[in-house]
Amino acid sequence: MRIISGKYRGKKIHHPKNFPSRPTTDFAKEALFNILENRIDWEHTEVLDLFAGTGNISAEFLSRGAKSVYSVDRHQIAQKSMYALHGELNDDAWKIARLDVFKFIPKTPLKFDLIFADPPFQMKGFDGLPDLIFKSEILKEGGQVILEHGKENSFEKHPNFKEVRNYGGVNFSFLC
């Protein structure tokens, strides 16, 4: 894995062999960020990365110039990986929290312009994540939610659904 574009372009991202999930592939990540590049004013965008894993996507947001990135993951191995990458990038705009996403969302007073979520595809409760996000009001007006998921999930019937993009076995659903 590597950072595709921006100020950290080309930086390799390593993840431990015993990492509990699958990181977003460079192919899918590049496709996603090509879409976002035409939609986002990075320097004014506050991002929340849920189920942040290795920090792969968080680092890409930072590299593109996001105003701030807040990464949440509850796994200790993920935290170690993210903190190692954070130390290499030394970017003050990146905050990391080791918390359960489903407990964090309803309790945080923070608000975000862009919320990215990449939970394990088979995770119990994944289908209810958009409702939890929209009910908690952590998304700023005009903001968007991007869900990375497999073919077994569909968010097309959600009232906030806008579009879905498919890249191999990875889907990105956009909700506003």
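Please treat every number below as a calculation from the coordinates, not as lab data. Since this is a predicted model, take the numbers as computed values, not measurements. Please note: Cβ atoms are built from the backbone with ideal geometry, for glycine as well, and neighbour counts cover all protein chains shown.
Just a few scattered comments:
- One decimal place: the segment residue 166-residue 93 gains 23.3 nm when fully extended, by the rule 0.36 nm per residue minus the C-alpha distance.
- Least to most buried among 141, 30 (fewest other Cβ within 10 Å first): 141, 30
- Using only side-chain charges placed at the Cβ, +1 for Lys and Arg and -1 for Asp and Glu, the dipole size of the range 26-175 relative to its Cα centre rounds to 460 debye.
- Nearest-0.05 FRET efficiency for residue 80 and residue 157, computed from C-beta distance (R0 41 Å): 0.60
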